[in-house]
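First comes the structure, then the notes that go with it.
The values are calculated or read from the model by the stated rules, or taken from the named source; none is laboratory data. Computed from a prediction, not measured in an experiment: that's the story for all the values here. All Cβ positions, even for glycine, are placed from backbone atoms using ideal geometry, and neighbour counts span all protein chains on display. Ligands, DNA and RNA are stripped out before the accessible areas are found, and what is left, the full protein with its side chains, is counted by its heavy atoms. Shrake-Rupley method; radii C 1.70, N 1.55, O 1.52, S 1.80 Å.
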Amino acid sequence: CSSTVEDRECYPERGERRMMAWRYILVVSILLMLSLASEPGAPVHAVVVSASRYFFNYRHTANAMSMYRALRRNGIPDSNIVMMLADDTACNPRNPYAGRVTCGEDDLLLESDEIDIRGRAVTVEKFLRVLTGKQGDDAPRSERLLSDANANVLVYISGHGGDGFIKFQDSQELSAVDMADAVDTMWKDGRYNHLMVIVDSCEAETFVEPIRSPHVTTLSSAKGGEDSFSSSSVSALGVAEADELSRLLYNFLTSNPGKERCAKFLSRYSVAHLYMDCL
């Protein structure tokens, strides 16, 4: 349900939303960088999910891969990231760039061992079990979120959404209530110190609204009743390459990663001021 750049005339509010998106990007990027730079020795973990199958959802795969690349470039090891991809977009016969998934000029393709859960194994149940740690003894280490009460955790989800849900595999739905319950379990079981949830989907705000657990920050790409816009259509692909929020976030986090960019920005603006400016 994403709309492309070519639809600007049909969406007069798009320019205003792009300006607001940049403000949100600055806030979330600073929070991410602070979590990476603060509390020496504090572990940082992430669960990154593309919940969509089929080539016409290319952008959702690219979104998740770009987030993985941004995290790795900012110093998070692969062992601390659970990567869930529902579709093998790179090897799809419709892909004119065989073996590649791109974001602009960047090749985002991951090595096979960097994708921890793939294909039809990406399900609502599997995702919730990763978050809560309610997995069987036979679950491999690569599929486990090994966080604790001292860890800063990022959960990123890209896919199709609606009022209070995210679709998995075009056949399942993860409800906002179930997500909120999982986060509450994570808090009670001491699986995070600070948690950030980023959702890039239509009506994404309705998916994170029920979360009321302590120490949680959420970022959503669209309000209730709104579409999540894609950033561009690529003629050679015949589909959109990425979604706007995820692409802006990737560009910011990878343009000059590390403590220096965060410190330079914070010397001019306060996080509290940015929050006030964004509301």
Query raised in the report: In segment 78-225, carbon and sulfur make up what percent of the accessible area (probe 1.4 Å)?
Result: 43
Query raised in the report: Rolling a 1.4 angstrom probe over the protein heavy atoms, how many square angstrom per residue are accessible across segment 61-216?
Result: 42
Query raised in the report: By its C-alpha gyration tensor, with a ≥ b ≥ c as the square roots of the eigenvalues, how is segment 128-242 shaped: rounded for a/c under 1.5, else prolate for a/b larger than b/c, else oblate?
Result: prolate
Query raised in the report: If we sort 165-177, 62-74, 137-149, 220-232 on the protection proxy, mean other Cβ atoms within 10 Å, highest first, what's the order?
Result: 62-74, 220-232, 165-177, 137-149
**Report entry** Two-site label geometry, ASN150 and LYS134: point separation in nm, points 7 Å out along Cα→Cβ
**Finding:** 2.8
